[in-house]
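Working notes for the structure below.
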Amino acid sequence: MNRKKVFIILCLISLLLVGLVYYIFLAPISTSSETVSVNIDNNDTSDSVWTKIDSTAHPRQLIGLKSLSALLGYSKHIHSGHYEILTSTNSVSLMRKLKNGRQDPLLLTIPEARTKEQLAEKLSHRLMMSADSLLAVMNDSVRCAWLGTDTANVIGMFLANSYEVYWNLTPAQLMERMKREWDTWWTIERKQSAANIGLTPAEVITLASIVDEETSNNNEKPTIAGMYLNRLHSGIPLQADPTVKFALRRFELRRIYHEMLKTPSPYNTYMTKGLPPGPIRIPSAKGIESVLHAEKHDYMYMCAKEDFSGKHNFAKTFTEHLDNAKRYSMALNKRGIQ
């Protein structure tokens, strides 16, 4: 065999090797047409990491990833976190990302929740922390005091919004983040608006939670907020039905009966004057703004409209309110709503 043929054969072999190296190590590893997320826990091993990646990886690129892992000793440098695999990510860049713990932040949207237990459970499905560990921090009176709140109002620090966070942050770190967001949101102007209606920021959150539970109609929220402020400043019990549901932990109730109004609880605003100890849900941004910019009027009572439109009849006098309540009660009876 002459030198020319040997040279050609060597070139072909080199090209094949280069192509193989590129294919295994530098070609995109993901089979998906979209970005794929992989969450790595504290107790994951390299084998369990491969299992999590396996469903989205080309088999040959996964071989390349495992080879790099063995070469670089990844099994001794596993970092928990949320890692995104782009459509262009290859084995080399992914291994560098995993070994160095360069996780990607995720967008955490604060979910709707009425209780700390509900909130902790829902957040545990989005973050590495367990529901119990988050709940323990939220029920820690010393830590809550350090954050400038208490165990009844701590849920109110979770302002309804979306935040970029790391998946493996601890419950304490999450609470510190919520505290920073709270301090940022409560500007001097907003604090002054709260002071103008005689409430603290925490009390605004509590009243907003009641307003939100009363209606999903954003147009009515400033009117409802104004009515409750009228009752609050007049020393009249708020008598808000949603607080009775909260006291009973029966959020599915569509009708509140007289005996329910006697439920002994600091959250039952039929039994106690003033605001309850804390919010009865995480209020919406609109609910909070509705309290800060409540409508000024003379209404002291409200009752759901008998047409079940979700709107309310408002009244200045108790007599007028009784007429509204009678019409609504008759409408409930007619529909057989218990």
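The values are calculated or read from the model by the stated rules, or taken from the named source; none is laboratory data. Bear in mind that the values here come from a model prediction, so they are computed numbers and not experimental data. Here the Cβ positions follow ideal geometry from the backbone for every residue, glycine too, while neighbour counts run over all protein chains shown.
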Wholly inside segment 32-104, helices (runs of 4 or more DSSP H) that include 2 or more residues that are touching a residue at least 60 places away in the same chain (Cβ under 8 Å) and surrounded by 13 or more Cβ atoms within 10 Å (Cβ to Cβ) are 91-99
Apart from one, (1) surrounded by 14 or more Cβ atoms within 10 Å (Cβ to Cβ); (2) modelled with pLDDT under 95; (3) over 23 Å from Glu117 (Cα atoms); (4) of a type outside the set (A, V, I, L, M, F, W, C) all hold for Asn217; the odd one out is (1)
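Tell me the residue from Lys311, Lys316, Lys326 that is surrounded by fewer than 22 Cβ atoms within 10 Å (Cβ to Cβ) and modelled with pLDDT of 90 or more, please.
Working: Lys311 fails: modelled with pLDDT of 90 or more; Lys326 fails: modelled with pLDDT of 90 or more.
Lys316 is the lone residue from the list that is surrounded by fewer than 22 Cβ atoms within 10 Å (Cβ to Cβ) and modelled with pLDDT of 90 or more.
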Flagged in segment 266-279 as out of contact with any Phe, Trp or Tyr (no Cβ under 8 Å at 6 or more places or on another chain) and surrounded by fewer than 19 Cβ atoms within 10 Å (Cβ to Cβ), in numbering order, are Pro266, Met271, Thr272, Lys273, Gly274
